[in-house]
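What follows is one structure encoded as structure tokens, with my remarks underneath.
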Amino acid sequence: MHRQSTRWLILLAVAEMLLLCASLSIAIWVRFGSIDELSHLPARSLMFAGVLVLGLAAMGQYQAHMRATWFGLLARQAVGFALGGLGLVVAYYVLPKAYVGRGVLGIALALGFVAVTAFRAAFLQLVEVEAFKRRILILGGGTRASQIHSRMRRRSDRRGFVVVGFVPRPGEAVDVPVELLVTPDAPLDVWAERHGIDEIVVGVDDRRGSLMMDELLECRQLGIEVTDLTTFFERESGRVQLALTYPSWLVYSGGFYASPMRRLSKRCFDLAAALLVLALTWPLMLLTALAIHLESGPGQPILYRQERVGVRGRTFWLIKFRSMRTDAECDGVARWAAKNDDRVTRVGCFIRKVRLDELPQLWNVLKGEMSFIGPRPERPQFVADLAQKISYYNLRHCLKPGLAGWAQLRYPYGASEDDAAEKLKYDLYYVKNNNLLFDLLILIQTVEVVLFRRGAR
């Protein structure tokens with residue numbers, strides 16, 4: 001994600017925090033006629049606002065690539081406030097001295113919802129103003145450069161930038177509409193400075209002799225960013241565009257390195273997240289086990305073990321609640337799960353939709369075979385086939401597989417080779433860019449996947 005997009009999102013979160021803090025103060029004044037009725041008001045306000053912002057973040061309200069209608073945004077915001085309200089009830093139970101009263105809390109939630117809705121409407125209009133967007137010039141007009149025009153058509157795809165034009169290079173077959181082409185009437189650095197260009201994206205089809213390196217270097221000295229097309233796509237879309245990727249870019253672009261400190265922090269995060277989820281969901285796990293037992297009868301297995309591929313290609317046994325009939329693969333042939341799969345039991349259909357079947361994998365996380373966040377592990381039979389058909393597929397195995405992941409947030413359930421190729425774009429983005437904050441954001445937003453039952457079969 002570009003620094004400017006990050007700044008916009010931070011500004012949005014901070015502004016909404018302040019609005020929510022003000023909502024609590026106004027609610028106290030409305031309820032009691034004075035804001036002096038409660039002690040430690042700043043701390044109470046920050047707690048109120050912080051928990052609600054976490055609820056909104058859990059519903060993906062601070063994603064740079066959010067694509068939803070206004071109704072969808074309001075629905076997510078409502079669920080985010082509901083989650084935040086529930087979190088506040090729990091927090092007040094743990095910290096009774098922070099309690100503000102039911103009347104104040106109800107008024108503050110109502111005021112906060114209205115304030116956040118109004119501010120977000122104004123904010124989204126503001127970020128769409130052309131003057132606030134980065135001005136991008138594309139160097140190239142051929143097949144590679146045309147990907148920006150063909151694959152980034154939606155307004156949400158271009159929320160942070162505006163394309164000034166495409167500069168075709170000599171001898172390059174032009175695939176970009178003629179009205180989008182520009183021909184600088186001066187050296188590139190002079191023309192770019194005159195037209196207020198913030199970034200030049202290099203997307204020529206053949207780099208040999210067509211990169212204008214001297215002029216690009218002059219642009220860099222003027223403070224204009226120069227970015228490779230593949231890096232631009234990765235940054236703006238949150239995925240690695242496989243059609244534009246070549247081995248040297250993967251070698252030189254950074255990522256893939258996990259320092260000892262990063263490995264330690266990831267393991268601590270895995271243990272903390274797994275124990276927390278286990279503490280919250282063990283009653284649901286007991287009920288799930290009971291439901292499977294009642295449906296299938298005595299002597300039928302409740303858990304299901306399946307071989308999966310882990311870090312560095314090593315296999316392990318993944319544990320799930322059994323959601324299919326015991327004879328689902330009696331012939332020993334691995335099959336993708338299909339929509340309305342008749343192998344799925346009635347209990348299995350429900351636990352798959354709400355992701356309860358995945359909870360036993362917490363044991364795999366505690367054992368160190370999986371991470372809490374990472375690419376989803378696949379079966380050896382599928383991996384052997386996909387690695388032959390999809391370039392760079394085995395790169396996803398340089399990290400431990402995860403119970404949740406970036407691809408699960410950004411792409412629906414994958415049950416085919418085409419789906420695997422699409423999900424690989426997000427998996428590679430995570431592999432290259434993973435860090436503790438990214439893991440935390442994925443964990444929070446996974447709540448949205450569960451609540452809205454996205455990507456389950």
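The values are calculated or read from the model by the stated rules, or taken from the named source; none is laboratory data. Predicted model only: the values in this text are computed from it and were never measured. We place every Cβ from the backbone using ideal geometry, glycine too, and count neighbours over all the protein chains shown.
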Members of the stretch 361-385 that are touching a helix residue (DSSP H, G or I) at 6+ places or on another chain (Cβ under 7 Å) and part of a helix (DSSP H, G or I): L362, V365, L366
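If I ask for residues that are in a helix (DSSP H, G or I) and either surrounded by fewer than 17 Cβ atoms within 10 Å (Cβ to Cβ) or modelled with pLDDT of 90 or more (or both), which ones from the stretch 408-420 would you list?
Residues of the stretch 408-420 in a helix (DSSP H, G or I): 408-410, 417-420.
Those that are in a helix (DSSP H, G or I) and either surrounded by fewer than 17 Cβ atoms within 10 Å (Cβ to Cβ) or modelled with pLDDT of 90 or more (or both): E417, D418, D419.
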Extreme residue, farthest from Q221 (Cα to Cα), among residues of the stretch 173-192 that are among the acidic types (D, E) and surrounded by fewer than 18 Cβ atoms within 10 Å (Cβ to Cβ): E179
Per-region count, the stretch 254-278, residues assigned to a loop (DSSP other than H, G, I, E, B) and among the small types (G, A, S): 4
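Provide a single number: the residues in the stretch 52-74 that are modelled with pLDDT under 65 and either crowded, with 21+ Cβ neighbours inside 10 Å or under 15 Å from the mean Cα position of the chain (by Cα) (or both). Let's see the steps before the verdict.
As a first pass, look at the stretch 52-74 and keep what is modelled with pLDDT under 65: 64-69.
Keeping just the survivors that are either crowded, with 21+ Cβ neighbours inside 10 Å or under 15 Å from the mean Cα position of the chain (by Cα) (or both) gives 64-68.
Residues that pass the stated criteria total 5.
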Conditions (1) touching a helix residue (DSSP H, G or I) at 6+ places or on another chain (Cβ under 6 Å); (2) at pLDDT below 90; (3) among the hydroxyl-bearing types (S, T, Y); number of the one not met by S259: (1)
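Does L286 satisfy the condition of being over 23 Å from the mean Cα position of the chain (by Cα), at negative phi, part of a helix (DSSP H, G or I) and assigned by TED's automatic domain parsing to the domain that holds V311?
yes
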Scope the stretch 32-44; condition buried (at least 17 other Cβ atoms within 10 Å of the Cβ) and either at pLDDT 90 or above or more than 36 Å from the chain's Cα centre (by Cα) (or both); matching residues: L38
Helices (runs of 4 or more DSSP H) completely within the stretch 149-253 that count 1 or more residues being modelled with pLDDT of 90 or more and acidic (D, E): 188-194, 213-221
Condition broken by K97, with the remaining ones in (1) surrounded by fewer than 20 Cβ atoms within 10 Å (Cβ to Cβ); (2) among the charged types (D, E, K, R); (3) at pLDDT 85 or above satisfied: (3)
Where a residue in the stretch 383-407 is surrounded by fewer than 21 Cβ atoms within 10 Å (Cβ to Cβ) and its partner, wherever it lies, is β-branched (V, I, T) and in a loop (DSSP other than H, G, I, E, B), with Cβ under 9 Å and at least six apart: S391/T245; Y392/V240; Y392/T245
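Could you list all residues from the stretch 358-373 that are free of Cβ contacts under 8 Å to residues at least 60 places away in the same chain and either surrounded by fewer than 19 Cβ atoms within 10 Å (Cβ to Cβ) or not acidic (D, E) (or both)?
So in the stretch 358-373, the residues free of Cβ contacts under 8 Å to residues at least 60 places away in the same chain come out as 358, 361, 363-364, 367, 369.
Across the stretch 358-373, the qualifying residues are Q361, W363, N364, K367.
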The one condition in (1) touching a residue at least 60 places away in the same chain (Cβ under 8 Å); (2) assigned to a strand (DSSP E or B) that R305 fails to fulfil: (1)
